[in-house]
Amino acid sequence: MKFLDAVVAGIAGTAAMTAFLYLLSFATHRVMKVVRILGTMLLNRTHPDGSLSELTGTKVAGTIAHYAAGIFFAVTYLALWNSGVGVPTASWGLLFGLAHGLVAMVIWYFFFMMHPRPPLITLRSYLTSLIFAHILFGFVATYTFYLLARPDYSFWW
């Protein structure tokens with residue numbers, strides 16, 4: 001496995017995770033649009049009523065930051081596998097996704113607590129949703145690694 005595989009896996013996992021959160025936002029009518037939340041907070045563009053920014057620059061900044069984080073986590077998965085921690089299988093992907101979902105939840109929590117003007121969202125449901133979104137990320141990113149590496153064992157092992 002190589003770095004380019006991690007980039008592709010990070011993009012695939014982040015795309016799946018983002019789609020999940022946007023579908024969840026649509027289905028529940030809660031604000032879960034991670035790209036807009038991230039962009040709004042990074043650029044400090046929360047509206048006075050606590051709503052998210054709709055500006056294109058906000059969405060671009062959020063998208064770049066979100067996909068960069070996804071690639072970083074995929075590189076971390078690769079580093080763990082290369083150091084002998086697990087292999088690209090469904091169970092390891094789900095486990096890594098859960099672990100990094102818990103880490104992301106803590107990071108987001110402190111980001112909201114320390115931000116001068118965080119958007120007004122239902123934080124508890126957003127943070128809980130992030131865990132499931134990251135489990136999906138772990139599964140999709142790991143499956144992408146598996147497909148690119150073509151190992152001689154089953155992914156479902």
Residue in the range 65-80 that is without any contact (Cβ under 8 Å) to a residue 60 or more places away in the chain and over 26 Å from A149 (Cα atoms) present: yes
Residue within the range 115-122 that is surrounded by fewer than 18 Cβ atoms within 10 Å (Cβ to Cβ), over 11 Å from the mean Cα position of the chain (by Cα), closer than 18 Å to G13 by Cα and modelled with pLDDT of 95 or more present: no
Test: residue in the range 11-24 that is more than 17 Å from L148 (Cα to Cα), open to solvent by 40 Å² or more (accessible area, probe 1.4 Å), of a type in the set (F, W, Y) and part of a helix (DSSP H, G or I): yes
Some residue of the range 40-58 being of a type outside the set (S, T, N, Q) and closer than 19 Å to L98 by Cα: no
Residues of the range 25-44 satisfying the condition of being surrounded by fewer than 17 Cβ atoms within 10 Å (Cβ to Cβ) and either touching a residue at least 12 places away in the same chain (Cβ under 8 Å) or touching a strand residue (DSSP E or B) at 6+ places or on another chain (Cβ under 9 Å) (or both): T28, R30, L42, L43, N44
Residue selected from the range 128-147 under the condition surrounded by fewer than 17 Cβ atoms within 10 Å (Cβ to Cβ) and hydrophobic (A, V, I, L, M, F, W, C), by the criterion farthest from A16 (Cα to Cα): L147
Failed item in (1) over 25 Å from T40 (Cα atoms); (2) in contact with a helix residue (DSSP H, G or I) (Cβ under 7 Å, 6 or more places away or on another chain), with L123 passing the rest: (1)
Where a residue in the range 111-126 is among the aliphatic types (A, V, I, L, M) and its partner, wherever it lies, is open to solvent by less than 80 Å² (accessible area, probe 1.4 Å) and not in a helix (DSSP H, G or I), with Cβ under 7 Å and at least six apart: L120/G50; I121/V31
Check on M105, surrounded by 21 or more Cβ atoms within 10 Å (Cβ to Cβ) and either touching a residue at least 12 places away in the same chain (Cβ under 8 Å) or closer than 14 Å to A133 by Cβ (or both): no
Extreme residue, farthest from the chain's Cα centre (by Cα), among residues of the range 84-102 that are over 21 Å from L147 (Cβ atoms) and open to solvent by 60 Å² or more (accessible area, probe 1.4 Å): G84
Subset tally (residues that are touching a residue at least 24 places away in the same chain (Cβ under 8 Å) and farther than 17 Å from F132 by Cα) for the range 81-102: 5
Residue satisfying condition, being closer than 29 Å to P118 by Cα and touching a Gly at 6+ places or on another chain (Cβ under 7 Å), within set T58, T63, T46, T76: T58
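The values are calculated or read from the model by the stated rules, or taken from the named source; none is laboratory data. These numbers were taken from a predicted model, which means no experiment stands behind them. For neighbour counting, all protein chains shown are included, and Cβ atoms are generated from backbone atoms with ideal geometry for every residue, glycine included. Heads up: the accessible areas ignore ligands, DNA and RNA and are worked out on the full protein's heavy atoms, side chains in. Shrake-Rupley method; radii C 1.70, N 1.55, O 1.52, S 1.80 Å.
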